[in-house]
Amino acid sequence: MPKLEVFPTREALYDAAASTIAGALTTAVATHGKAGFAATGGTTPAPVYDRLATLTVPWDKVTVTLSDDRFVPPDHPGSNEGLVRRHLLVAEAAKAGFAPLYFDGVDQQASADKAQEGVAQALPFGVVLLGVGADGHFASLFPGNPALAVGLDPETDRLVVAAPKGEPAPDLPRISLTFQALIQSSLIVLLVTGQAKRELLEGPVDPDLPIARILKQDRAPVRILWAE
């Protein structure tokens with residue numbers, strides 16, 4: 001199990017996360033000639049993206065996508081794509097490609113279907129950035145979602161799935177990368193703040209929590225970066 005890397009302040013956490021992501025992307029480009037980056041949403045990553053956009057990375061060889069997104073247009077306040085466009089895909093980082101999960105003019109399932117091609121082209125990821133919820137979910141893979149399974153059936157072998165509105169994701173319909181897609185990475189970074197999340201991830205992790213799949217898999221190394 002990966003151990004928490006504890007930072008004295010959130011500013012230090014944001015600096016370390018941005019540096020880690022930049023290094024992983026640069027290494028992936030040097031190794032493979034390209035790199036994919038699966039970014040995440042929420043309030044915590046925005047300062048990381050602000051910093052990352054200023055760092056030297058071969059952005060023209062990077063494709064950015066999202067671990068998940070709400071099924072809303074980019075100008076909606078809940079859109080993770082909008083967050084990434086405002087905070088990351090600016091200045092030099094605007095040279096990066098972008099593979100969206102939301103597509104206008106089609107329904108949620110068709111949007112997930114259309115997203116498959118762009119996500120496939122971004123694989124393998126140089127780095128995946130994830131958060132974790134109080135219920136142990138990551139991306140939009142909440143407890144009980146069949147896309148958490150490890151297997152080769154037609155549903156769990158998908159790269160992108162549609163998650164309907166309703167429990168346990170009550171706000172808006174969502175689209176998410178699957179567990180199988182997210183672990184196709186050279187590095188997974190869990191960005192975590194707050195004591196409750198520390199307690200969730202320190203010591204034995206409940207195997208029934210979705211995040212346990214990430215922590216126990218051996219396909220991609222995981223770093224957990226934490227600050228209060």
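The values are calculated or read from the model by the stated rules, or taken from the named source; none is laboratory data. The shown structure was predicted, so the numbers you read here are calculated from the model rather than taken from an experiment. Counting neighbours? That spans all protein chains shown, and the Cβs are built from the backbone with ideal geometry, glycine included. Side chains included, ligands, DNA and RNA excluded: accessible areas come from the protein's heavy atoms. Shrake-Rupley method; radii C 1.70, N 1.55, O 1.52, S 1.80 Å.
What the table below lists for this structure:
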| quantity | calculated |
| --- | --- |
| In Å², nearest 10: area of residue 34 left accessible to a 1.4 Å probe | 90 |
| Mean Kyte hydropathy of 0.0 or more with a Cα span along the axis of at least 18 Å, helices from DSSP in the chain | 10-32 |
| Probe 1.4 Å - accessible area at residue 11, Å² to nearest ten | 100 |
| Neighbourhood net charge (14 Å Cβ-Cβ; Lys/Arg +1, Asp/Glu -1) for residue 33 | +1 |
| Potential extension, residue 116-residue 1 segment - 0.36 nm per residue separation minus Cα distance | 38.4 nm |
| Beta bridges per DSSP with both ends in the stretch 1-156, % antiparallel, nearest 5 | 10 |
| Table column - 3J(HN,Hα) (Hz), the stretch 174-187, Karplus curve with 6.51, -1.76, 1.60, x for Gly and Pro | 10, 10, 9, 5, 7, 3, 4, 6, 5, 7, 7, 8, 6, 7 |
| Partners for residue 216 among lysines (Cα-Cα distance below 18 Å; same-chain residues under 8 apart left out) | 3, 197 |
| Heavy-atom accessible area order for 44, 26, largest first, 1.4 Å probe | 26, 44 |
| ³J(HN,Hα) computed for each position of the stretch 193-208 - Karplus, 6.51 cos²θ - 1.76 cosθ + 1.60, integer Hz, glycine/proline x | 9, x, 5, 4, 5, 4, 5, 5, 9, 8, x, x, 8, 3, x, 7 |
| Total formal charge among the other residues, if their Cβ is under 13 angstrom from that of residue 198, Lys/Arg +1 and Asp/Glu -1 | -2 |
| Largest to smallest principal axis extent of the C-alpha atoms in the stretch 1-109, angstrom | 43, 33, 32 |
| 222 nm mean residue ellipticity, helices alone, for the chain (DSSP H n ≥ 4; -39,500 (n - 2.57); rounded to 500) | -9000 deg cm²/dmol |
| Cut-off under 5 Å, modelled amide H: who pairs with residue 65 long-range | 37, 38, 39, 99 |
| GNM top mover of 12, 38, 22 - the chain, alpha-carbon springs below 10 Å | 12 |
| Whole-percent carbon and sulfur share, accessible surface of the stretch 1-95, 1.4 Å | 56 |
